[in-house]
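The values are calculated or read from the model by the stated rules, or taken from the named source; none is laboratory data. Here the structure is a predicted model, which is why all the values come from computation and not from measurement. Glycine gets a Cβ as well: all are built from the backbone with ideal geometry, and neighbour counts include every protein chain shown.
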Amino acid sequence: MKRRRRRPAIATRPLGNVAGHFTREGGAKKRYRTQVAAQSAAQLAWTLNGVDLSSYRCEHCHQWHIGGGSRED
Ligand SMILES: [Zn+2]
């Protein structure tokens with residue numbers, strides 16, 4: 001049986017469109033210092049798991065994340 005537990009509000013919760021910085025669980029995503037590093041990670045994910053990810057610059061931490069695996073179509 002799962003107990004629903006609310007996490008305490010994070011003080012540093014950002015404003016604006018920075019959803020790409022966080023995972024669905026509310027944690028910070030893995031950051032990459034360069035686009036090349038992010039693209040390498042995306043390429044690896046494709047090779048290993050067949051998931052199509054893209055790299056993007058984050059406005060919150062000014063580094064790079066990869067994402068785009070949640071397709072709904
Ligand atoms: Zn970020």
Subject >> Residue tally, condition touching a strand residue (DSSP E or B) at 6+ places or on another chain (Cβ under 6 Å) and within 13 Å of residue 28 (Cβ to Cβ), over region 51-62 >> reply: 1
**OP:** Filter region 14-58 for residues that are over 15 Å from residue 68 (Cα atoms) and among the hydrophobic types (A, V, I, L, M, F, W, C) and give the result.
**Re:** 15, 28, 36, 37, 48
Subject >> Any pair with Cβ under 8 angstrom, 6 or more apart, that starts in region 19-43 at a residue that is among the basic types (Lys, Arg) and ends at one that is part of a loop (DSSP other than H, G, I, E, B) and loosely packed, with under 14 Cβ neighbours inside 10 Å >> reply: 29/23
**OP:** Answer yes or no as to whether residue 20 is modelled with pLDDT under 95 and in a helix (DSSP H, G or I).
**Re:** yes
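Based on what the data block shows, is residue 28 among the small types (Gly, Ala, Ser), more than 11 Å from the chain's Cα centre (by Cα) and at pLDDT 90 or above? Working first, answer last.
Details: among the small types (Gly, Ala, Ser): yes; more than 11 Å from the chain's Cα centre (by Cα): no; at pLDDT 90 or above: yes.
Considered against the rule, which asks whether it is among the small types (Gly, Ala, Ser), more than 11 Å from the chain's Cα centre (by Cα) and at pLDDT 90 or above, residue 28 comes out as no.
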Subject >> Scan of region 24-73 for residues that are surrounded by fewer than 17 Cβ atoms within 10 Å (Cβ to Cβ), within 9 Å of the ligand (Cβ to nearest atom) and either not charged (D, E, K, R) or not in a loop (DSSP other than H, G, I, E, B) (or both), ordered by number >> reply: 28, 57, 61, 62
